[in-house]
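**Student:** One structure is given below, represented as structure tokens, and several questions about it will come after.
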Amino acid sequence: REDDPKAKNKRADSRKRAIDKALKKLKEDVVDEYNEKVYKELKQYEKRLDEEKVYLYFMQNGKSLYTGKELNLNEPENLEIDHIIPYSLSDDDSLDNKALVLKKENQNKGNKIVKEAFTQSFSDSEMMDYWKNLKKAGLISEKKYNNSAEKIALYIISSGREITNLLLQKILYYVKAI
């Protein structure tokens, strides 16, 4: 299916419609976060939306989810896809656990949790507000937001205690219910 050009085109078209709708909602609801440059780029990259980097770029409104710095699709060598909750802790390889970030940010984060690696970015809640706005517009899912925002599992994981994936899933389940 991955190599089927028809399936790729269909997925790219579906993603374009969803991104277009979400960016318009962002413009209406959260004017400060709306980025006209990103919206204009959507036309240029619409046929490449089946590529993870390109798709994540638009779903993140052209910014790194970790620092809010602008990303540039014309410099793909400076961009990396990172697991928000490290894959070694969650076994989650879905888009809901992936973020497009600057290569340097990913290298600095290593196997840490986002809040642990970028304490300054999250200390004033500016990044959390950014994630909330993306969620409100439909650019990121509830699960992705929770991967960034939930606090109890972050504390347990960042405290250095080893926990099993099953325990992590239970913690995430209960935290989301709160």
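FYI, it's all coordinate maths here, none of it is from the lab. What you see is a predicted model; the values in this text were computed from it and never measured. With ideal geometry, Cβ positions are generated from the backbone for all residues, glycine too; neighbour counts draw on all protein chains shown.
**Student:** GluC sites (Glu not before Pro) within region 1-71: which are DSSP loop residues with at most 16 other Cβ atoms inside 10 Å?
**Tutor:** Glu2, Glu51
**Student:** Kindly flag which residue pairs out of Lys27/Lys143; Lys40/Lys112; Lys43/Lys98; Lys6/Lys27 have an alpha-carbon separation exceeding 29 Å in this structure.
**Tutor:** Going by Cα-Cα distance, Lys40/Lys112; Lys6/Lys27 fall outside the 29 Å limit.
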